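Read through the structure below, which is laid out as C-alpha cells, and then see the notes.
The values are calculated or read from the model by the stated rules, or taken from the named source; none is laboratory data. Quick caveat, the model's predicted, so the values are computed rather than measured. Neighbour counts run over all protein chains shown; Cβ positions are idealised from the backbone, glycine included.
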Amino acid sequence: MKKFFLLLFTLVSTISFAQTDVHLSSREKKELNTFFSNFSEANVESFSSATLSDEIMLQFALRHNYMNKFKSLKKSKDGLSSIISRDLVDMATEKYFGRKITFHKSKEYLVPMADGEAYLFSQIRRLIESDGETFKAEGEIFSASSGSTADAHGTYRDWKKAGEEVERIGKFEAIIKRSAKDKDRYVLLQYHISSGNP
C-alpha cells in the first residue's frame, strides 16, 4: 500500500511540475517577436548554453548596433566603416544574453558599411514554461527583400494584401529566462535554427 501511495505521489508531483504552454497576449507576442527578430536579423547561428562564446555575443552586438543605431554611430576617417564602442557592445550583450563579454580586444570596433541585405524577422509560435523563470520558445524566421516594409507581426494574408513578398526560411527553438535586472524582459540562453520550408 505504501508503494502505491509513493507511486501516486510521484505521479502527481511529475504532473504538477510538467511544462505548460503560456497563453500570450497580443502585446506579449509582439514583444517576443521583436526580441527574437533581433537575433534573426543579426544572423545569429545556433548555440547551446555551453557553446555561447564571447565571439558569438560580439558579432551579435556589432550587427545589432549597426542595424539599430546606425545614424548615431561615428564613422571611420575613410568613411567606409561605422565605429562601435565596447560600451555599446556590453550594453547589447548584457541586455540580450544577461552578461558582458569577458575580454575586449579593443576599445572600439569597426563594422564595414553595407547595403542591400534581406529583411529578416521572427515570429513566436509557442512559449512553454519550465519553472517560472525558464521558458522554451518555438517560432519561425521570415525573409523579405531589402527595403521591405512588411509588418513583422503580420500574416501571409496581410503581406499579400500589402503587396509584400515574404518567405518563411526556417524555424527556431530557444531557451530563455527572465532578466535578473528586469523581470519584464528575457535573456537568451540557447538558440537553435533549422533552415528551409517544411
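Of everything in the range 45-94 that is over 18 Å from Arg185 (Cβ atoms) and of a type in the set (Asp, Glu), the residue that is nearest to the chain's Cα centre (by Cα) is Glu45. Scan the range 143-166 for residues that are among the acidic types (Asp, Glu) and surrounded by 14 or more Cβ atoms within 10 Å (Cβ to Cβ) and the total you get is 1.
When Ser76, Ser82 are screened for being small (Gly, Ala, Ser) and in contact with a Lys or Arg (Cβ under 8 Å, 6 or more places away or on another chain), only Ser82 passes. For the range 166-186, filtering for residues that are at pLDDT 95 or above, over 25 Å from Asp21 (Cβ atoms) and of a type outside the set (A, V, I, L, M) leaves 1.
For the range 20-38, filtered to residues that are surrounded by 17 or more Cβ atoms within 10 Å (Cβ to Cβ) and either of a type in the set (Phe, Trp, Tyr) or not in a helix (DSSP H, G or I) (or both), the residue that is farthest from the chain's Cα centre (by Cα) is Phe35.
For the range 92-127, residues that are surrounded by fewer than 17 Cβ atoms within 10 Å (Cβ to Cβ), of a type in the set (A, V, I, L, M, F, W, C) and under 29 Å from Glu167 (Cβ atoms) total 3. Annotation note: Cβ proximity below 8 Å between a residue of the range 127-140 that is farther than 15 Å from Ser179 by Cβ and at pLDDT below 95 and a residue that is surrounded by fewer than 17 Cβ atoms within 10 Å (Cβ to Cβ) and polar (S, T, N, Q) (sequence gap 6+ or interchain) occurs for Glu129/Gln19; Glu129/Thr20; Ser130/Gln19. Looking only at the range 39-70, residues that are touching a His at 6+ places or on another chain (Cβ under 6 Å) and crowded, with 16+ Cβ neighbours inside 10 Å come to 1 in all.
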